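Working notes, beginning with the structure itself.
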Amino acid sequence: MNFWYAIQTALGNLRANKLRSLLTMLGVIIGVGAVIIMVAIVQGASERVTSEFSGLGSNLMIIFYQLDPKDRNTTTRRIDAMKMDDVRAILSECSLVKSLSAELPINQGPNQGSTFIAKYRDKETEINPNGVQPDYERLRNVKVARGRFISEDDLTSWAKVCVIGDKVRAELFKDEDPMGREVQVNGVSLTVVGIMEKKGRSLDGDADKNVYVPLTTVQKRYIGRELVGVIWAEPKDPKRINEAMEQVWQLLMRRYDNLPGFHVDSQENILASINKILTVFGIILGSIAGLSLLVGGIGIMNIMLVSVTERTREIGIRKAIGATRRDILLQFLIESATVSATGGIIGLLLGAGTAYTIGYITTFIPGMENPQTGAKGLAVYVSPVVCLLSFAFSAGVGILFGVYPAYRAASLDPIEALRHE
């Protein structure tokens, strides 16, 4: 039997029974469409997270103290946070650490949970104030658009200066030049010495609402203690970052007699953990899509069995004029695969269209812009490889579930088939 003739015959049967064919293909359409949407969104989310992490600095170690809830009742000795002595100890005793910057949000310590407002004349806005050291600019990849960042002299003198985010500038000063102006932050006057580049929302929140203050200013003028919230450390050799983390961990354990609650991690490890979660999420969605394809395959097998019954006399005539069992088997397999592949094509188009529609809708959601590229909305990526595999899989489902109906059709006795009414 001619292969293309078999396909034309299959397409003719689809056109002759449009509604039945559509209902038969529905499971395959949903399954393939779900796979395309799932992969497009998961890959887009993964690329977005990777992009944001690259914007937060690379090859960094993150050191902080946070007691797990399960340890709260089992530990008699506790600390509020790390201290400046820990920072100095890491720099002096950890040979694998190149540089670091301690960070302390002003709402730590006695100000835990407080809301901070920046005021200028009759205008005010809520801010995210952080005490930092000079190396923070380089390590965290934050850029100053105008003016300067925090300096060593600012740290030494507990200077009442600040570097403001772009949104803080817009809400407090509008068209006025903020350089050299004083803003009130919870009763302390801070002179604006720099303005950050516009960055948008990131994993850390709204970066444009950040206000950076010398770390010592926060410790002395706001909190009254030399606390440290988190330490960002850079290893001397990025390839030995795990060794550097172990070195810092051992130091903290010695200093605090193995007190639980200290965490030493890297941004690369955190990113890998997030991507694992996204992968698991994708597998779950893929399993659901696989069930839809399974249901679609059962539907195809059912309708092909009905087709064999309806066309029993046609099969008898074909055999009577010389068609072999192989010809009949091939004909029904091709018809089954054509039904499934057609559903796969429709599913591909619907899935890709839905994925791009979701991406377009998210462009109208505030805070969904990519801080690195400036692109708005959730990036969706319809992979040609995934499309090809989905199409091949849908055709394979048709062949797999068409084997039994095709075998049954090929096994019909031509004489009995011709007698069938």
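Couple of notes before you dig in:
- Taking a ≥ b ≥ c as the square roots of the Cα gyration tensor eigenvalues, segment 123-174 comes out prolate, since a/c reaches at least 1.5 and a/b is larger than b/c.
- Prolate/oblate/rounded call for segment 9-48, Cα gyration tensor, a/c under 1.5 rounded: prolate
- Links that overshoot a 24 Å alpha carbon limit, given the list 174/199; 119/209; 123/167; 143/276; 98/239; 83/123: 143/276; 83/123
- Here's how it looks for residue 210: its modeled amide H is under 5 Å from those of 128, 165, which are all 5 or more places away or on a different chain.
- Additional length obtainable on full extension of the chain from residue 66 to residue 18, 0.36 nm per residue less Cα span: 11.0 nm
- Listed peptides 299-308, 129-138 by packing density, highest first (mean Cβ within 10 Å): 129-138, 299-308
- Table column - 3J(HN,Hα) (Hz), segment 313-318, Karplus curve with 6.51, -1.76, 1.60, x for Gly and Pro: 5, 4, 5, x, 5, 4
- Antiparallel bridge percentage (DSSP; both residues within segment 129-276; nearest 5): 60 percent
- 4, 232, 158, reordered so the largest accessible area comes first (probe 1.4 Å): 4, 158, 232
- Separation of alpha-carbon centers, segment 129-179 and segment 230-260, rounded to whole Å: 29 Å
- For segment 25-35, Karplus couplings with θ = phi - 60° (6.51, -1.76, 1.60), whole Hz, Gly/Pro x: 7, 4, x, 5, 4, 5, x, 5, x, 5, 4
- Viscosity 0.890 mPa s, temperature 25 °C, Stokes-Einstein D of segment 85-239 from Kirkwood C-alpha radius, µm²/s: 155 µm²/s
- Check: segment 233-366 dipole with +1 on Lys, Arg Cβ and -1 on Asp, Glu Cβ, in debye: 600 debye
- Once backbone amide H atoms are built at 1.01 Å from N, residue 97 has 236 as its partners under 5 Å, excluding neighbours fewer than 5 places away on the same chain.
- With an a/c value of 1.5 or above and a/b not larger than b/c for the gyration tensor axes a ≥ b ≥ c computed over the alpha-carbon atoms, segment 167-228 is described as oblate.
- Relative intensity, log₁₀ I(q)/I(0), of segment 157-305 from a Debye sum that treats every alpha carbon as a point, q = 0.11, 0.17, 0.19 Å⁻¹: -0.74, -1.12, -1.18
- Computed from backbone phi, the HN-Hα couplings of segment 236-252 come to 5, 10, x, 6, 10, 5, 5, 5, 5, 5, 5, 5, 5, 4, 4, 4, 5 Hz, rounded to whole numbers (Karplus: 6.51 cos²θ - 1.76 cosθ + 1.60, θ = phi - 60°; Gly and Pro given as x).
The values are calculated or read from the model by the stated rules, or taken from the named source; none is laboratory data. This structure is a prediction, so every number in the text was calculated from the model and none was measured. Note: ideal-geometry Cβ built from the backbone for every residue, glycine included; neighbour counts use all protein chains shown. Note: areas computed on protein heavy atoms with side chains; ligands, DNA, RNA excluded. Shrake-Rupley method; radii C 1.70, N 1.55, O 1.52, S 1.80 Å.
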